1. Just to be sure I understand the filter: pairs with C-beta atoms under 6 Å, separated by 6 or more residues or on different chains, first member in the range 39-63 and under 23 Å from Val14 (Cα atoms), second member at pLDDT 95 or above and of a type in the set (S, T, N, Q). Which pairs pass?
2. Of the residues Val24, Val7, Val36, which is out of contact with any helix residue (DSSP H, G or I) (no Cβ under 8 Å at 6 or more places or on another chain), surrounded by 15 or more Cβ atoms within 10 Å (Cβ to Cβ), under 12 Å from Leu54 (Cβ atoms) and at pLDDT 95 or above?
3. Please verify whether the range 2-9 includes one or more residues that are of a type outside the set (Lys, Arg) and out of contact with any Asp or Glu (no Cβ under 9 Å at 6 or more places or on another chain).
Amino acid sequence: MSSKIKVTLRRSLVGRPKDQRGTVRALGLHRIGHSVVKDDNPEMRGMVFKVKHLVEVEELSKESSAGDIKGKG
């Protein structure tokens, strides 16, 4: 089982460049406080790095990620 990361949108997208808004949407985030659980891989890390000033990232252990609900928030 691969590790997971929990990504939460913490800042508004108002006034942000179109590519940053698109990256946040591609991560599956829709509103401030919304969280998603994603696989921890280089593609996701790159997307998170691009919008690191807008999101909060939490690494989940293998035990806790089994019961997480994707998109809860």
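The values are calculated or read from the model by the stated rules, or taken from the named source; none is laboratory data. Since this is a predicted model, take the numbers as computed values, not measurements. Note that we place each Cβ from the backbone using ideal geometry, even for glycine, and neighbour counts take in every protein chain shown.
1. Pairs found: Met47/Thr23; Lys50/Thr23; Val51/Gln20; Val51/Thr23; Glu56/Thr8.
2. Working: Val7 fails: out of contact with any helix residue (DSSP H, G or I) (no Cβ under 8 Å at 6 or more places or on another chain); Val36 fails: under 12 Å from Leu54 (Cβ atoms).
Answer to the check: Val24.
3. Step one: list which residues in the range 2-9 are of a type outside the set (Lys, Arg), which gives 2-3, 5, 7-9.
Checking which are out of contact with any Asp or Glu (no Cβ under 9 Å at 6 or more places or on another chain) leaves us with none.
Checked the range 2-9: no residue is of a type outside the set (Lys, Arg) and out of contact with any Asp or Glu (no Cβ under 9 Å at 6 or more places or on another chain).
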